[in-house]
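**Student:** I have a structure I would like to understand better, so I am pasting it below and will then ask my questions one at a time.
Here, each number is a calculation from the coordinates, and none is a lab measurement. Worth saying up front: this structure is predicted, and the values here are computed from it rather than measured. Note: ideal-geometry Cβ built from the backbone for every residue, glycine included; neighbour counts use all protein chains shown.
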Amino acid sequence: MTISEKDSTPHAPFGDRLPAILNIYGRVMAGVMMLLGLREWGIIVGIFDGAVGSFETMPAAWKIATMHLAVVDLVASVGLWQRVAWGNVVWVYAALAEIAMHTVFIGTFGGDLPIVLFHFVTLGVYLALFMIERRRETR
């Protein structure tokens, strides 16, 4: 087969590549959630300072939120990496919890627009891919 013949072969339609795209997206998000969880653990053990200082001097609400995110982000990361259904559920929960922290409870945790936008965009992309896949399966 020559190069010109390879170029003329039809490419797989988007629908055939969608499971692979979702798999890659899940793995990338697993890596991101791993980094976010490790950042929280770094705050707990004193490697980094949190938004309101070191872990020891944080108010109780911040300590609870930091510990919560340290565990939930890493659990979501493992579930996303394994591509199991509960991984998606824990990831959506972790993202919504952090969005709520910085929007609904802005008086306690302050507003962190970059992290809120990040979670909105990643959840939106996932929802769009998920809906496209479901439509394809029903056809």
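**Student:** Kindly provide the helix-only [θ] at 222 nm of the chain, computed as the sum of -39,500 (n - 2.57) over DSSP H runs of four or more divided by all residues, to the nearest 500 deg cm²/dmol? Provide the component values of the computation, followed by the final result.
**Tutor:** Numbers: 6 runs with 110 residues, N = 139.
Counting only the DSSP helices, I get -27000 deg cm²/dmol.
**Student:** May I ask you to compute the full-extension gain from His68 to Ala20, defined as 0.36 nm times their residue separation minus their alpha-carbon distance, rounded to one decimal in nm? Don't skip to the answer; put the middle values down first.
**Tutor:** Working: separation 48, 0.36 × 48 = 17.28 nm, distance 3.13 nm.
Residue separation times 0.36 nm, minus the Cα-Cα distance, leaves 14.1 nm.
**Student:** Then there's this: Hey, rough spin-label estimate for Asp49 and Thr108, points 7 angstrom out along Cα→Cβ, what's it come to in nanometres?
**Tutor:** 2.4
**Student:** Over the chain, what is the relative contact order in whole percent, taking alpha-carbon pairs under 8 Å and six or more residues apart? Walk me through the numbers before you get to the answer.
**Tutor:** Numbers: 115 pairs, mean separation 31.0, N = 139.
With pairs under 8 Å counted, the relative contact order is 22 percent.
**Student:** Within the P(r) computed for the chain, what percentage of the Cα pairs occupies the region above 20 Å? List each step's numbers first, then the result.
**Tutor:** Details: 5251 of 9591 pairs.
So the pairs more than 20 Å apart make up 55 percent of the total in the chain.
**Student:** Can you give the relative contact order of region 40-99 as a percent, counting alpha carbon pairs under 8 Å and 6+ residues apart? Don't skip to the end; give the middle numbers.
**Tutor:** Values: 49 pairs, mean separation 14.1, N = 60.
It comes to 23 percent, rounded to a whole number.
**Student:** Taking H placed 1.01 Å from N in the peptide plane, check which residues at least 5 places from Gly50 or on another chain put their amide H under 5 Å from its amide H.
**Tutor:** Those qualifying (amide H under 5 Å, at least 5 residues apart or on another chain) are Phe55.
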